[in-house]
Structures are given as structure tokens and as C-alpha cells.
Amino acid sequence: MMRSKNNRQLICALTSLGLALFLISAARASDDYNVTVSGFGTAGGAITSNPDFAYYHDSTEFVGATNNIDIGLESRLGVQAVVNLPSGFSVTAQEVVRERGSSEFSPGTEWLFAQYAANPDLLFRVGRVALATFLLSDSRNVGYTQTWMNVPNEVYGNEPFQTLDGVQARWRFDAGPVSVTLTGAYGSTSQSIQVNGNPLDVEAKTAYNVAATAEWKSVLLRISQTSGNSPFSLPLSQTLTIDTTTKDRFDAVGLQYDDGTAIFLSEWAERTQNLIPLLGIPLAGSKEWYAAGGWRFGAWTPMVSYGVWKGAHTLEDAEGTWGTWSASVRYDVARNIDLKLEVSRPEESNPRYFLTPNPLSSQRIDVLSFGADFVF
Amino acid sequence: MKSQISVRNVRAFRRALAVFVGLAVSAAAQAGEIVVIMAPGAPALSKDQVVNVYIGRNKDLKPLDLPESGNERRVFYKKATDRDLAQIKAVWARIAFTGLGQPPKELPDDEAIKKAVAADPKAIGYIQKTHVDDSVKVVLELN
């Protein structure tokens, strides 16, 4: 699995690089191109009130935060270069340094694609793009774009993949006063994750993401479906191993209202998978939602959010329903810089908040995240 | 002696107050007179259409900005979008870092905006109403 993953990544990187070099050389010939370099980052940390349970956001993080300040979970630095070429062609590359898996801060390619814009509203991309499973998935690394410190774990913590290597198309049009955007992406992806503390390399083949977004004045509504086929082996005993492919699907609806002063955000999602042969249960499956509201007082934006994660009877997680309140405040301290503070009180048994939850406990743990986001 | 100083102080205070009030009035006057312009021949635009261009929703037009340090830009965004500059920056950061475009091009002053708008039928900018001349057309008044 590891080898095919590496091969595929290499092929994708080489294809994108080749395309980029071709387009740049074509542009050089005409002397009609420009390069934009920009960046973003977050310097932050997380601490909890308990030494025994490690707080995390999703399964790509192998080390969580306890009652010692952890800077790995909340800190990252990204740099993006866009090469604009004549006739609607461009190449975008985004590298982000953050904690990946169990290793220290390491760089990774979040976006690397060649784009052709037939017109400003019709785009075609080939290469690596963000996998936009949920409303804010494509910009979750860029803290400055978010009102809160972290997107809710209840929804965002379910998706193990964050990028997709393949093709993407995006079409925007006006339907009366409503701006409608349709996007579709197809390809494959891979990721190192941990399941209940055990490392695992997973991949998704023939994966797709389709989404429809409607924007009218201060309101945005998005409906999406994301699906992928992940082969995996499950050793039941020394002689019996189940080799199967999990068809993993997310259906999601997101609603956002932002009139400049009042903010309301809510998402609902359902994760469904086929049943594992012999066992009769899926690897993972859940229903989740959150609702959040905030108000801007000048440079200060306090926000309150409530999230629910309802796990089905699956191999990966315990069955049950967990609800968690969070409160956050953003302060726009200077041009291009904000400061944030966020407090959550999840239960020790909540699998979306803790690496190895205690299924028998309903004790709550205080989680404090803080940081400074910047763009440049 | 003491009373003389106090009279001088009162006069200085009045002068300062007059200057302050004058500045406040002129800032308010400026704030009330920002117009959105395009090249002559462009159709009038609604506020929603202008907002969609300046928050990156509609990419058919090329928006132009004045410097962040100036008052005009802050007033324009507040009047047009009800958002302050940090919020607008966050909107464009999302657009830029998802590979969907770059923030409006920034020009130094009203004269530069007029020149750019007059030269490109797709360009759109905002300037003080008192600076409008025949080279451009007002497509929206922000009151």
C-alpha cells in the first residue's frame, strides 16, 4: 500500500511539475506572465485540564495535547506561489509546514495544480487540490479566514483525507440575484492516520467530490457529496484475514449567514460505509452537526458553538452520542493579524476530541486553544 | 497672572476644538461622497452587484482599491458591504489561498483610479464624488 501511494504521489508531482514547467516555458517565450507569492500562518497552542487524555482534531494527528502546552496542534506556516500565464492559464502551489502524523513540523504540498480559466467563471484544474468535503475544508489551514480557532471536530474530524490528486472543474453563474457555484473533483488520495492510537496508511481510489453552492446577499447554502473506495485488510486470526474495500461516503449540507455584524454557521453531515464481510458492521459511520453564532463588536468577535457527534455501531468507534459546547473570541489586533482564544468542554469518552477516549466516563475535560493568525 | 494663563488655555482649547470639529465635519463630508466609477458607457450597477465584485463573488469585472492607510477605503467598504477592512481581508485571504484569485489591485489615489478605469471597460473603482470628471462614469453613489 505504501509503495503504490508513493508511486502515485510521485507521478502526480511529476505530472504537475511537468505541466508547470511547460506552461512557464511557454510564458517565458511570450514574456507575459507574473508571479504572486503570499503566505499565512498560525502561532498557537493547546492545553487541557487532564494529563491522561490527549486532545486532537482529527485522525491525521498522532500526538495530542494534555495538561502541558502543546504548540504542534495549533501552529502552521503556509506559502503560496501563483504563476499567471497568458490565455487563462495559471499554476498554483501551496506548501504548508505543520505537525504531520507523529513527526515534528514537516512540509507538505496542500495544493499544486495547473489551471485553465475558459472565462472568469469556468475553471479546470489538474493536479492536487484540497478535498472540500465540508463547507470550510478548503481553507481550514488558513486561520485568518476563520472566525473561530478551529473548525468543529464533530464534523471536520471525520474526514481522514484533506487533498485529492486528480482533476477539478468549477462553474459559477448567476440565477437571478443568486450566485451559484458547481464544483466537481475526481481522483485519488492517501494519508497516514491513526485509529485508536494505531498508525495506518489509508488511500482512497476513484474518489470524487461534488458540491453546489448558492450565495444570496448574506446567506450561503452548500450541499455536497464526497466518496472514495479504500482497500484494507483486517486480520481476524493467524489464518483468516478479511481483504475488502470500504466505500466511504459523506453527504453534507452547510449554511452560513454573515451580514458583517451577526454570524451564524451550521453544518450537518452523514458518513456511510458498506458493511465489512463476515462482521456485518461498517468500519466507520456517523451523523454529525453543529450550530454556531457570533457577533462582531468592532475588532472583537465572540462566538458560541454546539456540536453533536452520533456514532453508529462500527468497528472503529464506540456507539453513542456526544454533545459539546465551545466558546471562542477573535480580536483583530493589527493589520493582517488576529488573536484567538477558544474553550471547549468535551467528555472524556468523546472519540472526536480524544485520541484514546475512555468509553465509560462522562467526565468533562476543559480544552483551551489559543493563537495568533497572520497573512502576508 | 494665573487668570491670564487660564484665559489663554481656554482660547487654545477653543481653537483645538474648532479644528477638531472641522476635521470631523470634513471627514463626515468625505464619507458621504464616495462614488463607484467605470469607463463612460458602462451601465449603472446596484449595490449588490458592486458588493459581489468587491468580495470576489463576481469575477467579470476588475476591482481597484485605494491604499489601506487612507480613510476612503475604510468608508467605502463600510458603506458598501457593512464590513471593516479586517473582514474584507479575511474574505480575500480565503479566495487567494484556495487558488481562486487575488485581492483588488491597489492604486495610490483617486487620479490613478480614474486613469485606470477610463482605460479599461472592465475596471471598476471608487473615488470622492468631487473628483469625478468626463473621463469616467458614476455607476453607483454610496450614501
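Tabulated values for the structure
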item: Percentage, to the nearest whole number, of Cα pairs in segment A:245-376 over 21 Å apart; result: 54 percent
item: Spatial separation of Cα centroids for segment A:181-244 and segment B:104-134, in angstrom; result: 47 Å
item: DSSP-assigned coil residues among chymotrypsin sites (Phe, Trp or Tyr not before Pro) in segment A:274-315, each with at most 15 further Cβ atoms within 10 Å; result: none
item: Under 13 Å from B:Lys47, Cα to Cα: aspartates and glutamates that are on another chain or at least 8 residues apart; result: B:Asp82, B:Glu141
item: Most mobile listed residue (A:Pro282, A:Pro357, A:Pro177) in chain A, GNM with C-alpha springs under 10 Å; result: A:Pro177
item: Cβ-Cβ FRET estimate between B:His131 and A:Tyr257, R0 fixed at 22 Å, reported to 0.05; result: 0.05
item: Flagged links, alpha-carbon separation over 26 Å, of A:Lys217/B:Lys79; A:Lys217/A:Lys287; A:Lys287/A:Lys340; A:Lys217/B:Lys105; A:Lys217/B:Lys115; result: A:Lys217/A:Lys287; A:Lys287/A:Lys340; A:Lys217/B:Lys115
item: Of A:Arg222, A:Arg335, A:Arg76, the one that fluctuates the most in a GNM where chain A has Cα springs shorter than 10 Å; result: A:Arg335
item: Extended-chain gain in nm, criterion 0.36 nm per residue less alpha-carbon gap, A:Ser103 and A:Asn198; result: 32.7 nm
item: Inter-centroid distance (Cα atoms) of segment A:270-337 relative to segment A:96-114, Å; result: 23 Å
item: Whether segment B:33-142 is rounded, prolate or oblate, judged on the alpha carbon gyration tensor where a/c under 1.5 counts as rounded; result: prolate
item: Cα gyration tensor, segment A:188-235 - rounded (a/c under 1.5), prolate or oblate; result: prolate
item: Segment A:273-324: trypsin sites (Lys or Arg not before Pro) in DSSP loop, at most 16 other beta carbons within 10 Å; result: none
item: Gyration tensor (alpha-carbon) shape descriptor, chain A, a/c threshold 1.5; result: oblate
item: Chain A: most fluctuating residue of A:Ala299, A:Ala284, A:Ala212 per GNM, C-alpha cutoff 10 Å; result: A:Ala299
item: Ellipticity estimate at 222 nm from DSSP helix runs (n ≥ 4, -39,500 (n - 2.57)) divided over the protein assembly as shown, nearest 500; result: -6500 deg cm²/dmol
item: Spacing of the two label points (7 Å from each Cα toward its C-beta) at A:Arg335 and A:Trp295, in nm; result: 3.1 nm
item: Relative contact order of chain A, pairs being alpha-carbon contacts under 8 Å that are 6 or more residues apart, as %; result: 15 percent
item: Estimated FRET transfer efficiency when R0 is 25 angstrom, pair A:Asn358-A:Ile281 (beta carbons, to 0.05); result: 0.70
item: Stretch gain in nm, segment B:Leu85-B:Ala119, where the contour uses 0.36 nm per residue and the Cα spacing is subtracted; result: 9.5 nm
item: Where labels lie 7 Å past Cα in the beta-carbon direction, separation of B:Asn143 and B:Arg74 in nm; result: 2.5 nm
item: Mean separation of Cα contacts under 8 Å, 6 or more apart, over the residue count of segment B:91-133: relative contact order %; result: 26 percent
item: Scattering curve values for segment A:229-275, log₁₀ I(q)/I(0), Debye with Cα scatterers, q = 0.13, 0.17, 0.22, 0.33 Å⁻¹; result: -0.54, -0.66, -0.82, -1.09
item: Tail fraction, Cα-Cα pairs, segment A:170-319, threshold 19 Å, whole percent; result: 66 percent
item: Spacing of the two label points (7 Å from each Cα toward its C-beta) at A:Tyr116 and A:Tyr186, in nm; result: 1.6 nm
item: Sequence-distant aspartates and glutamates (8 or more away, or on other chains) whose Cα lies within less than 12 Å of B:Lys114; result: B:Asp65, B:Asp133, B:Asp134
item: Reciprocal mean inverse distance between Cα atoms of segment A:32-188 - Kirkwood radius, Å; result: 17.4 Å
item: Ranked list, fewest to most other Cβ atoms within 10 Å of each Cβ, for A:Asp52, A:Asp165; result: A:Asp52, A:Asp165
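All of the numbers you see were taken from the coordinates with simple rules; none came from a lab. Just so you know, these numbers come straight off a predicted model, no measurement behind them. Backbone-built Cβ (ideal geometry, glycine too); neighbour counts: all protein chains shown.
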